[in-house]
Amino acid sequence: MPLDSAQTRTLSQARGFIGRRPGLRGYLLLSPTLMIVGTLMLIPVLGMAVMSFWQQTGHMAFDMSGTLNNYAEAFTRDMYRVLFLRSLSISGLTTLATVVMAFPLAFFIAFYVKRHKMVWIILVTLPFWTSYLLRVFSWKVILGYNGAVNSGLMSLGMISEPLDFLMYNPTAVVITLTHAWATVAILPIYVSLEKIDRSLLEAATDLGDSPFVRFFRIILPLALPGILAACVLIFIPTVGDYVTPSLVGGSDGYMIANVIQFQFGRGSNWPSGAAISLTSMTIVAILVGAFVWSARRLSGRRG
Amino acid sequence: MKQGTRLAARILGAYAVIYVAYLYVPVLFLPLFSFNDSIYISFPLRGWTFKWYESMLANDALHRALVNSLKVGLTTAFISTVLGILGAKAVTRYRLPGQKPVVAMIMLPLVVPEIILAMALLMVILRAGGSLGLVSIAAGHILLCVPFAMVVLMSRFEGFDRSLEEASHDLGENGWWTFWRVTFPNVLPGIVASLLLTFTISFDEFIMAFFLGSTEPTLPVFMWNQLRFPKLLPGVLALGACILIASVLVVLAAEWFRRRNTSDSQSGDVIIG
């Protein structure tokens, strides 16, 4: 059907309208991406928020009149409190361990590797892209009752029976998570170290700072954004990790994700699962916000 | 002073070697035991065998899982890369009001625990009367992969000279042809890298596949289900070893494409997982 002249004019007017507003054109281009992410993330999470005020009455049946019971339970039941605290401390320790271990490596690549920097970077990021499940699983193979460590030590005659404290406890979860997330800590720290202007270091040396003082007065404060990014990128996802506690945590190492999954699965109490999910996300967001804020302030005062 | 620096370099260098060993050695236990002629995963090793690989090749359920993984992976890679191209072009070529929060929202799935995203999706799909299967897994994977595609492609779009596009416009090409004849060939390595990376992420992803997949297991879910049977463990190791090698090859290829013809292969465009 050919367009009549009026339609053509409206069409070209519309084109002109969009053409003259680059912001609008940009958003038009961005809209499919935004729509998909919105549909797949915002709607489900908002749905979860609504669900958290309902009450489960049967299979897929809910009392929708609105209640705060799920939140009251999430905050008061001992089991949840234990799981929240355990998840937070496991992630906190994991974050600390990964960042402390990654810093010297990032420092080495940024300041001591002259050629082949990219080879090092690829070498340390490669494991990140391999299966998370397999990286966690390899620790089950290593720490298990008949695993590599136990059978290795036994065949060397160093122990007579398997050590049973290696797996199925929070320590095993921390060890496994630290390894699985190690690669995530290196990059942001490396990037911020790499960006440091080398003439600042020369200036500090010329003005009489020892390398030690120079490290604490210049390098560390300037690397802080990278360190903070690494902390955030590791702490947030590990609080909600499901695979690691399920594989190596045992019942003593269960974390908050296990109870969320239980409520949506066999426990079939979706509103409770939703309330626990949102509560944990909120707690994590507040903790991370406070952490970043205070770290920034501390470093600001020093500089 | 000089000597002190050299000592520091040596200590840090030694540390770096140990650290890389720490990254890789645990994972190497999987291929190691996959060649061990015993159903027990323990030392001492009993001798070489390929039988776990042979039994893996003969397993029909595994073939089905592999096909599922490939279907989901290819769909995810294609759709998230297309979305990544559109998004990356929009944020690098236009000044969008409110760009920061919008981009932050797209990147959000990187930090929200997957289990929460998976449960929220599960809840909405079931409430809306939808069914679980490969489509819902792919939906979950697209959500996780779009941020990665965006990051890879944004650095590629930023990396090439905008005046090429302007020149094409000035010479009378319209937007569509400018895209195909100027923009596309220039960002092509980024597109290939994005396809490869998003495919790997989808191929290895477990949480979404496990909870949104119902009776359609992908390879990681198939592996997880096998873990319950100690007798099947060596087979899982063999499969795991194959998956590891495949991922490494795909990622190395992606890296190679991503860095091709970029003058700015500096630290700035490293992907931060």
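Readers should treat all values here as calculations from the given coordinates under stated rules, not as data from a laboratory. This structure is a prediction, so every number in the text was calculated from the model and none was measured. Backbone-built Cβ (ideal geometry, glycine too); neighbour counts: all protein chains shown.
Could you identify which residue out of A:Val37, A:Val136, A:Val184 has the top mean-square fluctuation in a GNM of chain A using Cα springs shorter than 10 Å?
It is A:Val37.
Run the dipole for the protein assembly as shown about the Cα centre, Lys and Arg Cβ at +1, Asp and Glu Cβ at -1, nothing else charged, and hand back the magnitude in debye, nearest 20. Walk me through the intermediate numbers first.
Working: 42 positive and 29 negative charges, 222 e Å.
So the dipole magnitude of the protein assembly as shown works out to roughly 1060 debye.
Just report the Cα centroid separation between region B:19-41 and region B:55-73, whole Å.
A separation of 23 Å, based on Cα centres.
Only residues of region A:35-74 count here: report those whose backbone N is under 15 Å from the spot 7 Å along Cα→Cβ of A:Ser268, or say none.
Zone members listed by number: A:56-63.
Using the 10 angstrom Cβ neighbour count as an exposure proxy, how do B:Trp256, A:Trp54 rank, fewest first? Provide the component values of the computation, followed by the final result.
On the way: B:Trp256 14, A:Trp54 20.
Listed from fewest to most nearby Cβ atoms, that is B:Trp256, A:Trp54.
Once you keep just the Cα pairs under 8 angstrom separated by 6 or more residues, what percentage relative contact order results for region A:53-146?
About 11 percent, as a whole number.
How big is the gap, in Å, between the Cα center of region A:111-189 and the Cα center of region A:247-271?
Centre-to-centre (Cα) distance: 24 Å.
Inside 10 Å of the C-beta atoms of A:228-234, what's the mean count of C-beta atoms belonging to other chains? Don't jump to the answer; show the numbers that get you there.
On the way: counts 0, 1, 1, 0, 1, 4, 2.
Whole-number average of other-chain Cβ neighbours for A:228-234 is 1.
What are the residues whose amide H is under 5 Å from the amide H of A:Phe62, where those residues sit 5 or more places off or on another chain and H is modelled from the backbone?
Correct list: A:Thr57.
Pairwise over distinct Cα atoms, reciprocal of the mean inverse distance: report the Kirkwood radius of region A:73-302 in Å, one decimal place. Don't skip to the end; give the middle numbers.
Values: mean 1/r = 0.0503 Å⁻¹.
About 19.9 Å, per the Kirkwood formula over Cα pairs.
Give a residue-ordered list of calculated ³J(HN,Hα) values for region A:109-123 (Karplus: 6.51 cos²θ - 1.76 cosθ + 1.60, θ = phi - 60°; whole Hz; x for Gly, Pro).
Along region A:109-123, the couplings run 5, 6, 10, 10, 7, 8, 9, 6, 4, 5, 4, 4, 4, 5, 4 Hz.
Output the relative contact order of chain A, whole-number percent, from Cα pairs under 8 angstrom with separation of 6+ residues. Can you show the working numbers first?
Details: 297 pairs, mean separation 74.9, N = 303.
The normalised contact order for chain A reaches 25 percent.
Step through the residues of region B:214-224 one at a time and calculate ³J(HN,Hα) from phi using the Karplus curve (6.51 cos²θ - 1.76 cosθ + 1.60, θ = phi - 60°), rounding each to whole Hz and writing x for Gly and Pro.
6, 9, 10, x, 8, 4, x, 5, 4, 4, 4
With unit charges on the beta carbon (Lys/Arg positive, Asp/Glu negative), name the residue among A:Val248, A:Tyr71, A:Leu34 whose Cα is farthest towards the positive pole of the charge dipole of chain A.
Selected residue: A:Leu34.
Using Cβ contacts closer than 10 Å as the measure, can you line up A:Ile283, B:Ile79 from fewest to most?
Neighbour counts put them in this order, fewest first: A:Ile283, B:Ile79.
For region B:60-269, count the residues as N, evaluate 2.2 N^0.38 Å, and divide the Cα radius of gyration by that value, please. Kindly include the intermediate steps, with their values, before the conclusion.
Values: Rg = 19.5 Å, N = 210, 2.2 N^0.38 = 16.8 Å.
Relative to the rule-of-thumb radius for its length, region B:60-269 sits at 1.16.
Pick from B:Leu237, B:Leu195, B:Leu86 the residue whose mean-square fluctuation is largest in a GNM of chain B, springs joining Cα atoms under 10 Å.
The residue with the greatest mean-square fluctuation here is B:Leu86.
About its Cα centre, how strong a charge dipole does chain A have in debye, to the nearest 20, once Lys and Arg get +1 and Asp and Glu get -1 at the Cβ? Walk me through the numbers before you get to the answer.
Details: 22 positive and 13 negative charges, 241 e Å.
Approximately 1160 debye in magnitude.
Any idea what log10 I(q)/I(0) is at q = 0.07, 0.12 Å⁻¹ for the protein assembly as shown, Debye with uniform C-alpha scatterers and no solvent?
The calculated log intensity ratios at q = 0.07, 0.12 Å⁻¹ are -0.47, -1.33.
Give me the distance in nm between label points sitting 7 Å out from Cα along the Cα-to-Cβ direction at A:Arg198 and A:Tyr145, one decimal.
With each label point 7 Å from Cα toward Cβ, the separation is 5.7 nm.
Need one value for A:65-77: mean number of C-beta atoms belonging to other chains within 10 Å of its residues' C-beta atoms. Each step should come with its number before you reach the end.
Details: counts 0, 0, 0, 0, 0, 0, 0, 0, 0, 0, 0, 0, 0.
That average works out to 0.
Build a GNM of chain B with springs between Cα atoms under 10 Å: which of B:Glu114, B:Glu158, B:Glu166 gets the top mean-square fluctuation?
B:Glu166
Among B:Phe157, A:Phe53, which comes first, then next, by fewest other beta-carbon atoms within 10 Å?
On the way: B:Phe157 21, A:Phe53 18.
The fewest-first ordering by Cβ neighbours comes to A:Phe53, B:Phe157.
Which ³J(HN,Hα) values, rounded to whole Hz and listed in residue order, are derived for region B:112-121 from phi using the Karplus coefficients 6.51, -1.76 and 1.60 in 6.51 cos²θ - 1.76 cosθ + 1.60 with θ = phi - 60°, glycine and proline given as x?
Ordered by residue, 3J(HN,Hα) equals 6, x, 4, 4, 6, 4, 5, 5, 5, 5 Hz.
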